[in-house]
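Data first, discussion second: the structure below is written as structure tokens.
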Amino acid sequence: MKKTFALTHPKKAVPRVVEAVKYEVKKYLKRERNKSLPAGADYWDFDCKYGHTEQEAKVIHVKEINKCIDEAESLALTSFYLEILAKPGVRTKRQVEDDE
């Protein structure tokens, strides 16, 4: 998903538009996670970018998407850019350091 979301609507209040955007993002993530995984993959990972415009987009974590949308609402932006790309991920074991 590469999309510029508009936070203005002639008949809807901004908080309702923000809720709709969050719901659309949540629905997209769920749809991508439900797709069958390729061989050798453990889970679906996501590359995310957020910015006021497409040129200003910076890499963020999936968990930060709602915070960024709230930030756009608090700054009274008319639109923002959000990019979410799914990729297969493989779990790796954590390195345990011995403090002895």
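Nothing in this text is a laboratory measurement; each read-out follows from the coordinates by a stated rule. All values derive from a computational prediction rather than experimental measurement. Here the Cβ positions follow ideal geometry from the backbone for every residue, glycine too, while neighbour counts run over all protein chains shown.
Can you list residue pairs whose Cβ atoms sit under 9 Å apart, with the first residue in the range 37-55 being over 27 Å from E71 (Cβ atoms) and the second being among the aromatic types (F, W, Y)? Count only pairs 6 or more apart in sequence or on different chains.
Once the first residue is over 27 Å from E71 (Cβ atoms) and sits in the range 37-55, its partners that are among the aromatic types (F, W, Y) give L37/Y43; L37/W44.
Being touching a strand residue (DSSP E or B) at 6+ places or on another chain (Cβ under 8 Å), of a type outside the set (S, T, N, Q), assigned to a loop (DSSP other than H, G, I, E, B) and surrounded by 11 or more Cβ atoms within 10 Å (Cβ to Cβ), is that true of even one residue in the range 14-31?
The answer is no; no qualifying residue exists.
For F5, are the conditions met, namely being touching a residue at least 60 places away in the same chain (Cβ under 8 Å), surrounded by 14 or more Cβ atoms within 10 Å (Cβ to Cβ), outside any helix (DSSP H, G or I) and of a type outside the set (A, V, I, L, M)?
In short, yes.
Counting only residues that are aliphatic (A, V, I, L, M) and surrounded by 12 or more Cβ atoms within 10 Å (Cβ to Cβ), which one in the range 32-57 is nearest to the chain's Cα centre (by Cα)?
Checked the range 32-57; the qualifying residue nearest to the chain's Cα centre (by Cα) is A57.
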